[in-house]
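Note sheet for the following structure.
The values are calculated or read from the model by the stated rules, or taken from the named source; none is laboratory data. Keep in mind it's a predicted model, so treat the numbers as computed, not measured. In this analysis, Cβ positions are derived from the backbone assuming ideal geometry, glycine residues included, and neighbour counts consider all displayed protein chains.
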Amino acid sequence: VSLEVNKSGGNASSPLMYGFMFEDINHSGDGGIYGQMLQNNGLQGTTPNLTAWGSVGDSTIAIDYDNPLTTAIPNSLRLDVAKDTTGTVGVTNAGYWGIPVDGSEHQTYFWIKGDLSGNITASLVGNGTGTVYGSTSIPITSTSDNFTYVDASLSTSKAPDGDVYFQLSLDGSEVAGASLYFGLVQLFPTTYKKRYNGLQPRIANVLEAVGASFLRFPGGNNIEGEYLDNRWKWNETIGPVQDRPGRWGTWGYYNTDGLGLDEYFYWCEDMGLEPLLAIWDGFALESGAGTPVTGDALTPYIDDALNELEYVLGDSSTTYGAMRAANGRTEPWKVTMVEIGNEDHLGGGCATYAERFTAFYDAIHAKYPDLTLIASTNEVSCLPSTMPTGAMVDYHDYNTPDGLVDQFDYFDNIDRNSSYLVGEYAQNNVDYPIMQGSVGEAIFMIGMERNSDLIKMASYAPLLQLVNSTQWTPNLIPFTQSPDEVIETTSYYVQQMFSVNLGDTVKEVSSDSAFGPVYWVASSGSGSNYYVKLANYGSDTQDLSVTIDGLTTAKLTVVGDDDPNAANTPDGTPVVPVHSDLKSSNGTFTFTMPAWSVAVLAAS
Ligand code: AHR
């Protein structure tokens, strides 16, 4: 295949092209990127249980309903110590199917109530082996009158795997026959960018290396809730964590909301991502149980969204801006994009979406005319007959590898009066991304980038997966609780290669062949940088010649495998990108693309 990139002209492309979509699914938040590592640490929910908790020595544990830490954390963990005991007693927490002790300084925070004047040892211990990866003795003086706050750090050594539990223990003779109450026990490693209540660095670092441009949050289905009452409520995710009640998440487990609205914005700032905030729009997944909300009944929810936006964007003189400042953030967050709902073409949302979208749009636009507002679907039948100027639409596509290839020209044929977010896309029907699917995704992305005057943003989904608790496959980055086991899948490499090699102008390319099995898109960036993205969807190698007049050197990155089913998984990571340096002959670079491969030629 011979290609020649036309250096003149071209279409301006979007600087936000490749981003992330995040919601708490597959324990991607609690147990995943959110730094707090103890499961069920607040004994929250309408039917609290003792999941993950255990006792040590001659003691037992129970949920205590009579010693609330706060209104939001109404239950505490009671440790009943046997009379006359002299051994070590305490509580343990198994984490989210283990704890990834990464060797950093760890921090534990908890509240304790009960008469104690002595030491509590916080430690991280290997299951079965008893190996101690970190331990600290904390002097405590507490009484039965009130909860006493405890904050302590533990130096750790890196554990070889995630088979580790956390323990708070003490000399039983000091509390024999008595009870102690523990409230909201927390454990963090040194977080990403050392932020308080921050992110797991092992996952955040892998994300940062993608070079993505935006973060769409907090859902996905998880913003919608199953029912009206368990929708994602922004105002219950802010402020001190002990004042956050959490909620039953859409994906079948309780969300602590420790990773809340402000934490998402810190994540964006710390990783250089533009926030794309989704707001709840009157529709929960189980329609009929209180939603869709329409007519006058929608007004309180529109007001709530306006309050949320004031919290985000208002200065400290506003009611909600002052609340944000009181929570530690004086400066407003930099938000320019808001999505109204999620996938409102599904589950009975379509019939009322035009009304709901318009009501939210009008109210938000009147107050914040500079915000870009995005409809959660591109299905014309669900949208107002005339979309407001400047509003965007969101298109989702989970598909087979062949289906993604078939979608290559989808964006060549769309309504060119709209601009698009492709808020979710990925291969489907596999446990982990496979090479063939990743090539299919690359071809779909090439189709988007060729049209990136209209396709402003695209985010792979879902993003993260704790393999011990999975509701959806495949995901871009699966991980276990082994500290180093954050898997860079074949699709991860494609996202990274496309993100870090983003030009600002899409260039015309002339070729001696039609698209298929090789697909391409070229762009130019600052200076004399050119990027040619290529995908080979087939089992034959392909000889390429790419001419960019006057250019002499290039870096070629290729990811591929002869086996279309090759995948990077917790069982092995056989596929890695290969980098090489090329020199042109009179502006022509020649190289061979392996079977089932994606390549980026970055020339200058
Ligand atoms: O990404 C998983 C789910 O797929 C999202 O929550 C939802 O928006 C879509 O149906």
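The rows are residues; the columns are (1) surrounded by 22 or more Cβ atoms within 10 Å (Cβ to Cβ); (2) within 19 Å of TYR133 (Cα to Cα).
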| position | (1), (2) |
| --- | --- |
| SER2 | no, no |
| MET17 | yes, no |
| ASP24 | yes, no |
| THR47 | no, no |
| THR71 | no, no |
| TYR109 | no, yes |
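Is it the case that ASP145 is more than 34 Å from the chain's Cα centre (by Cα), part of a loop (DSSP other than H, G, I, E, B) and at pLDDT 95 or above? Criteria met by ASP145.
When segment 48-67 is filtered for residues that are touching a strand residue (DSSP E or B) at 6+ places or on another chain (Cβ under 7 Å) and part of a loop (DSSP other than H, G, I, E, B), the ones remaining, listed by number, are PRO48, LEU50, ALA52, GLY57, ASP58, ASN67. Within segment 299-318, is even one residue surrounded by fewer than 18 Cβ atoms within 10 Å (Cβ to Cβ) and either β-branched (Val, Ile, Thr) or in the same structural domain as ASN75 (by TED's automatic domain parsing) (or both)? Taking every residue of segment 299-318 in turn, at least one turns out to be surrounded by fewer than 18 Cβ atoms within 10 Å (Cβ to Cβ) and either β-branched (Val, Ile, Thr) or in the same structural domain as ASN75 (by TED's automatic domain parsing) (or both).
Among the residues of segment 206-218, what is the count of those that are out of contact with any strand residue (DSSP E or B) (no Cβ under 6 Å at 6 or more places or on another chain) and within 16 Å of the ligand (Cβ to nearest atom)?
2
Taken together, the residues in segment 255-279 that are of a type in the set (Val, Ile, Thr) and farther than 30 Å from THR358 by Cβ amount to 1.
The single condition from (1) crowded, with 18+ Cβ neighbours inside 10 Å; (2) closer than 26 Å to GLY328 by Cα that ASP270 fails is (1). When residues in segment 549-568 are screened for being of a type in the set (Ser, Thr, Tyr) and outside any strand (DSSP E or B), 1 of them pass.
Among the residues making up segment 228-258, those that are within 16 Å of the ligand (Cβ to nearest atom) and outside any helix (DSSP H, G or I) are ARG231, TRP232, ARG247, TRP248, GLY249, THR250, TRP251, GLY252, TYR253, ASN255. If you go through segment 545-567 and pick out every residue that is within 25 Å of PRO401 (Cα to Cα) and out of contact with any helix residue (DSSP H, G or I) (no Cβ under 6 Å at 6 or more places or on another chain), you end up with 7.
State yes or no: is ILE203 within 16 Å of the ligand (Cβ to nearest atom), outside the structural domain of ILE73 (by TED's automatic domain parsing), in a helix (DSSP H, G or I) and in contact with a strand residue (DSSP E or B) (Cβ under 8 Å, 6 or more places away or on another chain)? No, not satisfied.
With GLY258, GLY282 as the choices, which residue is in contact with a strand residue (DSSP E or B) (Cβ under 8 Å, 6 or more places away or on another chain) and of a type outside the set (Val, Ile, Thr)? Criteria check complete, one pass: GLY258.
Somewhere in segment 396-406, is a residue over 21 Å from TYR492 (Cα atoms), surrounded by fewer than 22 Cβ atoms within 10 Å (Cβ to Cβ) and among the hydroxyl-bearing types (Ser, Thr, Tyr)? Within segment 396-406 (the criterion being over 21 Å from TYR492 (Cα atoms), surrounded by fewer than 22 Cβ atoms within 10 Å (Cβ to Cβ) and among the hydroxyl-bearing types (Ser, Thr, Tyr)), the answer is no, since none of the residues qualifies. Please tell me if SER528 is out of contact with any Gly (no Cβ under 9 Å at 6 or more places or on another chain), surrounded by fewer than 16 Cβ atoms within 10 Å (Cβ to Cβ) and either more than 22 Å from ILE455 (Cα to Cα) or not aromatic (Phe, Trp, Tyr) (or both). Taking the combined requirement at face value, the residue does not satisfy it. Take the conditions (1) touching a helix residue (DSSP H, G or I) at 6+ places or on another chain (Cβ under 9 Å); (2) away from the ligand (no atom under 16 Å from the Cβ); PRO74 misses just one of them, which is (1).
Among the residues of segment 548-585, the ones that are among the polar types (S, T, N, Q) and more than 19 Å from LEU3 (Cα to Cα) come to 5 in all.
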